[in-house]
């Protein structure tokens, strides 16, 4: 049985790649997908620890995280579509109406 | 070189390569497909880690519903071709992000390598039906009933919210 530190290292790598995607890319859909990548990296850490501690709490957490991610994707993509309808093009750098 | 290590190496190469491809894809449709690949690799990881129910949920919900939703939006926004690179307002932030990511990775690797997360192989063996539907369902409905009901309210909010946000304004 592999020690859970292997899975934690992989979770850290995936999380970092997702964070890089959010910071580097300017396309909102790719940024959204990078956020999903980060959520999945956290899920992997939860499952690895659940197996380590022999409890199912980690599985329940992952269940809730998946539900929250689904809800967030639905609302977020709705926002992107409504911005597209109003502005004709989605460029995250131009969405600065709320800037002080 | 146990079987689990071989599986881990193969799956992690696939998962990390797919993740890098998602982040660097020029065509959003390619990015969606690479992310689905990553989710499948993660589902295999969950199977290895005795999380069978979560593995199937991963494929059903994440790869099957959420990514299909992404694909719909890619089609609606007509981003199916290679998107032209948008000029970044702060071009230097790419390199700062890359440097910080390398620093963060090295730090995470150092923390994991110190062995603080290593624990001796647990004395208790894994229960025979550890990640199956019945034990997870029991746990969910006996000990996590309130969060479960709260997430159902959350889903209702998400449904109503996304309809209200994305509908055409009533003229």
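The values are calculated or read from the model by the stated rules, or taken from the named source; none is laboratory data. Everything numeric in this text was worked out from a predicted model, so none of it was measured. Neighbour counts run over all protein chains shown; Cβ positions are idealised from the backbone, glycine included.
Exactly one residue out of A:38, A:1 is within 7 Å of chain B (Cβ to nearest Cβ) and either farther than 24 Å from residue B:19 by Cα or free of Cβ contacts under 8 Å to residues at least 60 places away in the same chain (or both), and it is A:1. Residues that are at the interface with another protein chain (Cβ under 7 Å from one of its Cβ atoms), surrounded by fewer than 19 Cβ atoms within 10 Å (Cβ to Cβ) and assigned to a helix (DSSP H, G or I) do occur in the stretch B:55-63. Taken as a whole, the stretch A:45-56 holds no residue that is crowded, with 19+ Cβ neighbours inside 10 Å, free of Cβ contacts under 8 Å to residues at least 40 places away in the same chain, under 13 Å from the mean Cα position of the chain (by Cα) and closer than 25 Å to residue B:56 by Cβ.
When the residues of the stretch A:70-100 are filtered to those that are at the interface with chain B (Cβ under 7 Å from one of its Cβ atoms) and in contact (Cβ under 8 Å) with a residue 12 or more places away in the chain, the one that is nearest to residue B:54 (Cα to Cα) is A:73. For residue A:23, the test of being at the interface with chain B (Cβ under 7 Å from one of its Cβ atoms), free of Cβ contacts under 8 Å to residues at least 12 places away in the same chain and on the phi < 0 side of the Ramachandran plot is passed. Counting only residues that are part of a helix (DSSP H, G or I) and more than 9 Å from chain A (Cβ to nearest Cβ), the stretch B:12-33 holds 8 of them. When residue A:86 is tested against (1) buried (at least 16 other Cβ atoms within 10 Å of the Cβ); (2) more than 14 Å from residue B:70 (Cβ to Cβ), exactly one condition is not met: (1).
Is at least one residue of the stretch B:23-30 surrounded by 19 or more Cβ atoms within 10 Å (Cβ to Cβ), in contact with a helix residue (DSSP H, G or I) (Cβ under 6 Å, 6 or more places away or on another chain) and at pLDDT 95 or above?
No, that holds for no residue.
Taken as a whole, the stretch B:83-93 holds no residue that is buried (at least 17 other Cβ atoms within 10 Å of the Cβ) and in contact with a helix residue (DSSP H, G or I) (Cβ under 6 Å, 6 or more places away or on another chain). The residue list A:65, A:92 contains one member that is within 18 Å of the chain's Cα centre (by Cα), surrounded by fewer than 18 Cβ atoms within 10 Å (Cβ to Cβ) and more than 18 Å from residue B:31 (Cβ to Cβ), which is A:65.
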